[in-house]
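Okay, so here's the structure we're looking at.
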Amino acid sequence: MAVNKKIRELQEKREKIFLGGGEQAIEKQKAMGKRTARERIMALLDNDSFMEYDMFVEHEARDFDMDKKSLPSDGVIIGSGTIYGSQVAIFAQDFTVAGGSLGLMHSRKITKIMDHALKMRMPLIGINDSGGARIQEGVNSLAGYGEIFFRNTISSGVIPQISVILGPCAGGAVYSPALTDFVFVVDKISKMFITGPEVIKTVLGEEISMEELGGARVHSEITGNAHFFARSEEECFEQIKKLITFIPWSNSRKARSFEPGEPDKRYNPETIVPGNPTLPYDVKDVIRSVVDKSDFFEIMELYAKNIVIGFGRMGGRTTGFVANQPLEMAGVLDVDSSDKASRFIRYCDAFNIPIITLVDLPGYLPGVDQEHAGVIRHGAKVLYAYSEATVPKITVILRKAYGGGYIAMSSRHLRADFVFAWPTAEIAVMGPEGAANIIFRKEIMSSDDPDGMRKQKVEEYKAKFANPYVAAARGYVDAVIEPKETRRFLLHAIETSENKVVKLLGKKHGLPPS
Amino acid sequence: MKENNDQGFLNINSTLYKTRLSSKFLNRKSYRPSDPKIILSFIPGTILDIFVKTGQNVKTGDDLMILDAMKMQNKLKCLTDGTVKKILVNKGDRVSKGTILIELE
């Protein structure tokens, strides 16, 4: 009997804790279109897989009458479970409990699950929904943030870290997501900023809504702080689950293999790309023409659209894709696209994911704003990331590969393992018009018919240099291939580089441009 | 932040490429060289005090006004010799970044 009673006592305690901040607070949460922290965990993880830790943790704050307040689980749920059978550690802030504010014990629960994930080498997912620091706990709250940031940093590149912003995440708190690998946001629900609308209004006299300042769209389209945009929490969870299938548990493992499948015949590489190098097309269709089941999972879809990044599988193995997008801004490299690509390349390198690069770019975007924004150091990140990456690097030059852009886009010179080129490739120091204007300036200027002469010289240059064979003659290109042969060559490259070994010079760490 | 689906042309090295142009590119500010005769607010804030009058001769280094911003009282100094042509703000005005405060000639 005594045992039964004690079990009942535990059940009652649990039930009370499961209510979080109470029914009223839960109603308020729902009214905002949000789920409760536990509901979110249940929706994200495999059924019945969640094991909760530290449910009974309570705060010890004494000041400002805090000793009279009980905060169930101290406003954050931690534990672990599985997604499609893969282990993940998770924490979810509970906005119904003191606004999900972060106090000492709240932060200790988060750092406990972070330490656990790092030790057990499994991905960490953090669901953020918090008003910020628990002011009543003063510097202890700040200490908590610092401990989290430290762990985000030392875990970086060891275990995958995923941040999900399902509510406010403001002030110092946003630095934790910024230190993680992937940030997920949901329209109308996510709010991220360092200083909020009120501070901006007081100090600067500028009025702006939370949504316009740091809503999901802003971070997906303008700032580049978010990697995945969803319209609802459900869609967001589906995106996270899909991402988990592509990435390994840690840097000492490879991503799970899946049953390979042929691409959809609708995507015909021979007809996607126009022969005229000045005409646009959607490079994602070229990716879909080569990946397993034409299943391409794009990352940062709405930001710097002139470069496309994401995951697909080749012969069942996770592969990272980086591709210039001629449909947007002619596929140029600029400040934002360089940032986007270089970080993704480093991600793939850290987690043993081969990189396939599809090249079709006219060069860098000209402009005072670009130069003043530091396109030199931003552009340099791409060179650094490709050069440093030791995972298999496979390049396909589809059409234009001019000048610095040719070098940057995973060229042989940055140690690409395989470089293939389509017969439509133009590997040259610059486009025919620009080159002819410089090389034949005198002939053009002194001609009776400068325009006719220019056209003639452009054609001469095109015939001689706007092709893949000059580069192939030097061995900078390993094979000139027909578009329809691309998947076969890529599969061959992925298979033969399965056991690639490259040792870089031992050093503490390099100094990538930032 | 409207989706821009219009196809335009982008000129890279004398070649015109048919492509979509991003709103960031379309809304970029064209460069204007800075003019020492035009005094701008370098930060949003409040005008605490104005030390000069229209028509007054000023020299490089003269204090023109105090712009209070981010809890700092910033003295705006004259960057060139000249005459105050126009004062476009009053004491107590709140100004945003880049507002023209004084024109010299």
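The values are calculated or read from the model by the stated rules, or taken from the named source; none is laboratory data. Quick caveat: nothing in here was measured; it's all calculated off a predicted structure. Quick reminder, even Gly has a Cβ in these numbers, built from the backbone with ideal geometry, and neighbours come from all protein chains shown. All accessible areas refer to the heavy atoms of the entire protein, side chains included, with ligands and DNA or RNA removed. Shrake-Rupley method; radii C 1.70, N 1.55, O 1.52, S 1.80 Å.
In the range A:141-221, Rg over Rh equals 1.02, where Rg is the alpha-carbon radius of gyration and Rh the Kirkwood radius from pairwise Cα distances. Put simply, when A:294-305, A:257-268 are sorted by average Cβ atoms within 10 angstrom per residue, most first, you get A:294-305, A:257-268. Placing one equal scatterer on every Cα of the range A:378-514 and applying the Debye formula, the log10 ratio I(q)/I(0) at q = 0.09, 0.13, 0.17, 0.19 Å⁻¹ is -0.37, -0.68, -0.95, -1.07. Among the trypsin sites (Lys or Arg not before Pro) found in the range A:438-482, those both in a DSSP coil and sparsely packed, with 12 or fewer other Cβ atoms within 10 Å of their Cβ, are A:Arg474. In a solvent-free Debye calculation with one equal scatterer on each Cα, what is log10 I(q)/I(0) for the range A:163-310 at q = 0.20, 0.22 Å⁻¹, listed in the order of the q values? Ignoring solvent entirely, the Cα scatterers give -1.22, -1.34.
Summing charges over all other residues whose Cβ lies under 10 Å from the Cβ of A:Ile41, with Lys and Arg as +1 and Asp and Glu as -1, gives +1.
Take every DSSP beta bridge whose two residues both sit in chain A; close to 35 percent of them are antiparallel. With the whole protein complex present, A:Met51 retains an accessible surface near 110 Å², based on a 1.4 Å probe.
Shown here is the pair-distance distribution of the range A:300-353: with all Cα-Cα distances grouped in 5 Å bins from zero up to the longest one, the shares run 5, 21, 29, 22, 15, 8, 2 percent.
Near A:Met445: Cβ cut-off under 13 Å, other residues only, Lys/Arg at +1 and Asp/Glu at -1. The net charge is 0.
Distances between every pair of Cα atoms in the range A:281-378, grouped in 5 Å steps from 0 to the bin holding the largest one, split as 3, 14, 24, 23, 18, 10, 5, 2, 1 percent. Semi-axes of the equivalent ellipsoid of the range A:89-182 are 20, 13, 11 Å, computed as sqrt(5λ) over the eigenvalues of the C-alpha gyration tensor in descending order. For the listed residue pairs A:Lys30/A:Lys191; A:Lys381/B:Lys97; A:Lys462/A:Lys484; A:Lys340/B:Lys29; A:Lys284/B:Lys18; A:Lys119/A:Lys340, the alpha carbons are over 28 angstrom apart in A:Lys381/B:Lys97; A:Lys119/A:Lys340. The loop-placed chymotrypsin sites (Phe, Trp or Tyr not before Pro) in the range A:1-88, going by DSSP, that have at most 15 neighbouring Cβ atoms within 10 Å of their Cβ come out as A:Phe56, A:Tyr84. Among residues other than A:Thr395 with Cβ under 11 Å from its Cβ, the summed charge is +1 (Lys and Arg +1, Asp and Glu -1). Model label sites at B:Arg94 and A:Phe149, defined 7 Å from Cα along the beta-carbon direction, differ in position by 3.0 nm.
Dimensions of chain B along the principal axes, based on C-alpha atoms and rounded to the nearest Å, stand at 55, 30, 19, largest first. Given a 1.4 Å probe and the protein chains as shown, A:Arg217 ends up with an accessible area of around 90 Å².
For the range A:382-441, the fraction of C-alpha pairs farther apart than 17 angstrom is 44 percent. Annotation: lysines with alpha-carbon distance below 17 angstrom to A:Lys503 (same-chain offsets under eight excluded): A:Lys393.
Heavy atoms of the protein chains alone define the surface here; on that basis the range A:213-318 has 40 Å² accessible area per residue at 1.4 Å probe size.
Counting every alpha-carbon pair across the protein assembly as shown, the share separated by more than 42 Å comes to 38%.
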